[in-house]
Amino acid sequence: MTQRDGNVLVLNAGSSSLKYQIVDPTTGEHLVKGLIERIGHDNATITHEYDGEKTHREVAIADHAVALEQMTDVMSETGLALADAGVVAVGHRVVHGGRNFSDPVLVDERVLAEIKRLGTLAPLHNPANATGIEAAQRILPDHAHVAVFDTGFFATLPPAAYTYAIDAALAKEHALRRYGFHGTSHEYVSARVPELLGADPASLKQIVCHLGNGASMSAIDGGRAVETSMGVTPLEGLVMGTRSGDIDPGAVLHLNRVAGLGVDEIDTLLNRGSGILGMAGATDFRDLMERVEAGDETATLAFDVYVHRLVKYIGAHTSVLGGVDAVTFTAGVGENNAAVRAAVCERLAWLGVELDEAANEVRSDDPRVVSTPVSKVAVCVVPTNEELAIAQHTVAVID
């Protein structure tokens, strides 16, 4: 089988959502794409795109199996049935691969069981990923299913970067080390930057800022990841939509001993009730920015904390790299929020960063440079395409 033989159905299952695309791994074009949200509710929503047209509907969707059935129904009703889409394999985004999976793999019973077991390290993601795989296997039992792991790209981290300074035997027994996440995004974006700049990838020192509801940063030297902000779980590092990012472990003990919160309550607090939501009560960055522009002090503080953490990590990653040639923003906030980029770049003037304010304000789906020609560090905006990266990894496995 070669990449020319067909398309890949890419599935990204969240705890209550399912993103899907049918992607041509050779051209990078997608035939269809969609998002199903509020799975498990009577008012679940489907947004489906095909041939330039969007279809929206609200239905009851009990679980991921029903979601996939709804996906196939809406495809048939809008002009391209799944059976006619030339799908040769299914690629699944899986967040945590632990220490056993650094490369994409064909899913079998052993692989699926390990993905489920790793749910303790990525409780918001791996259980949903496994549920999505099982549902897809029932819908497409004769297709190859490939798991592509978010942690895979960071398998190149040096021991000094991934080792935690805790009891070594305990760390080894429980696989406690820094893994890194959003790997398919960091891999895809960092490969596009040299093309955008006309630079030699082997000599380029890059920092990639993946800023969505989840947020992470990577330091990439000559195409290899050498540092990242996330850790054993996707909770470490930057401030995120609902996650705290870095917090003193002593604060966790304090919440248990003094506030009386149990482990599960603290888990929920740090993963689902912190970050921008915890500080400002906002669940969408666009809502936060409206409040910042209106002079809301709580929202402004949340924005300032968010930017401070970004600048702090860019400085640390620059030190690890021994300098930086390009800082790139990607994902929902990174691609679309000019204010975040401007605030970060203003505080990076000491690095020789000079932002082109007009270019920074442009909204576009194209990769672009938003720094001035004389800026000592290129500042780029590169829309991520995790689905294409997953599709390409999938066909590589089945080849």
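The values are calculated or read from the model by the stated rules, or taken from the named source; none is laboratory data. These figures come from a predicted structure and were not determined experimentally. Quick reminder, even Gly has a Cβ in these numbers, built from the backbone with ideal geometry, and neighbours come from all protein chains shown. The area values use the complete protein model at the heavy-atom level, side chains included, leaving out ligands, DNA and RNA. Shrake-Rupley method; radii C 1.70, N 1.55, O 1.52, S 1.80 Å.
Tell me, which residue of the stretch 86-129 that is touching a residue at least 40 places away in the same chain (Cβ under 8 Å) and surrounded by fewer than 17 Cβ atoms within 10 Å (Cβ to Cβ) is farthest from residue 398 (Cα to Cα)?
Filtering first and then ranking leaves 99.
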**Request:** Could you tell me whether residue 233 is polar (S, T, N, Q), open to solvent by less than 20 Å² (accessible area, probe 1.4 Å) and at pLDDT below 95?
**Result:** no
**Asked** Can you tell me how many residues in the stretch 236-275 are open to solvent by 30 Å² or more (accessible area, probe 1.4 Å) and polar (S, T, N, Q)?
**Response** 3
**Asked** Pick from 169, 161, 135: which is open to solvent by 60 Å² or more (accessible area, probe 1.4 Å), more than 17 Å from residue 106 (Cβ to Cβ) and over 19 Å from the mean Cα position of the chain (by Cα)?
**Response** 169
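Would you say residue 122 is over 21 Å from residue 7 (Cβ atoms) and touching a Lys or Arg at 6+ places or on another chain (Cβ under 6 Å)? Let's see the steps before the verdict.
Numbers: over 21 Å from residue 7 (Cβ atoms): yes; touching a Lys or Arg at 6+ places or on another chain (Cβ under 6 Å): no.
When the stated conditions are applied, residue 122 does not pass them.
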**Asked** Is it the case that the stretch 39-58 has a residue that's within 21 Å of the chain's Cα centre (by Cα) and in contact (Cβ under 8 Å) with a residue 60 or more places away in the chain?
**Response** no
**Residue among 175, 225 that alone is small (Gly, Ala, Ser) and either at pLDDT 95 or above or within 23 Å of residue 367 (Cα to Cα) (or both)** = 225
**Prompt:** Only one of (1) out of contact with any Asp or Glu (no Cβ under 6 Å at 6 or more places or on another chain); (2) assigned to a helix (DSSP H, G or I) fails for residue 161. Which number is that?
**Reply:** (1)
**Request:** Please specify each residue of the stretch 10-29 satisfying the condition of being assigned to a strand (DSSP E or B) and either under 14 Å from residue 91 (Cα atoms) or touching a Phe, Trp or Tyr at 6+ places or on another chain (Cβ under 9 Å) (or both).
**Result:** 10, 11, 12, 13, 18, 19, 20, 21, 22, 23
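Inspect the stretch 171-186 for any residue being of a type in the set (Val, Ile, Thr) and in contact with a Ser or Thr (Cβ under 9 Å, 6 or more places away or on another chain) and give the result as yes or no.
Initial filter on the stretch 171-186 (of a type in the set (Val, Ile, Thr)): 184.
With the extra rule that they be in contact with a Ser or Thr (Cβ under 9 Å, 6 or more places away or on another chain), the set shrinks to 184.
Yes.
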**Asked** Quick check: anything in the stretch 288-300 of a type in the set (A, V, I, L, M, F, W, C), touching a helix residue (DSSP H, G or I) at 6+ places or on another chain (Cβ under 9 Å), under 17 Å from residue 237 (Cβ atoms) and part of a helix (DSSP H, G or I)?
**Response** no
**Asked** For residue 76, all conditions in the list (1) open to solvent by less than 10 Å² (accessible area, probe 1.4 Å); (2) without any contact (Cβ under 8 Å) to a residue 12 or more places away in the chain; (3) among the polar types (S, T, N, Q) hold save one; what is the number of the exception?
**Response** (1)
**Request:** Report whether or not residue 276 is assigned to a loop (DSSP other than H, G, I, E, B), without any contact (Cβ under 8 Å) to a residue 60 or more places away in the chain and of a type in the set (Val, Ile, Thr).
**Result:** no
**Prompt:** Can you find a residue in the stretch 179-186 that is in a helix (DSSP H, G or I) and more than 20 Å from residue 107 (Cβ to Cβ)?
**Reply:** yes
**Message:** For a quick check of your reading of the model, give me the residue pairs whose first member lies in the stretch 226-243 and is within 19 Å of residue 177 (Cβ to Cβ), whose second is open to solvent by 30 Å² or more (accessible area, probe 1.4 Å) and assigned to a loop (DSSP other than H, G, I, E, B), with beta-carbon atoms closer than 6 Å and at least 6 apart or on different chains.
**Reply:** 230/236; 232/176
**Prompt:** Pick from the stretch 280-300 the residues that are of a type in the set (A, V, I, L, M) and closer than 18 Å to residue 215 by Cα: which of them is surrounded by the fewest Cβ atoms within 10 Å (Cβ to Cβ)?
**Reply:** 289
**Asked** Of the residues that make up the stretch 49-64, is at least one on the phi > 0 side of the Ramachandran plot and touching an Asp or Glu at 6+ places or on another chain (Cβ under 7 Å)?
**Response** no
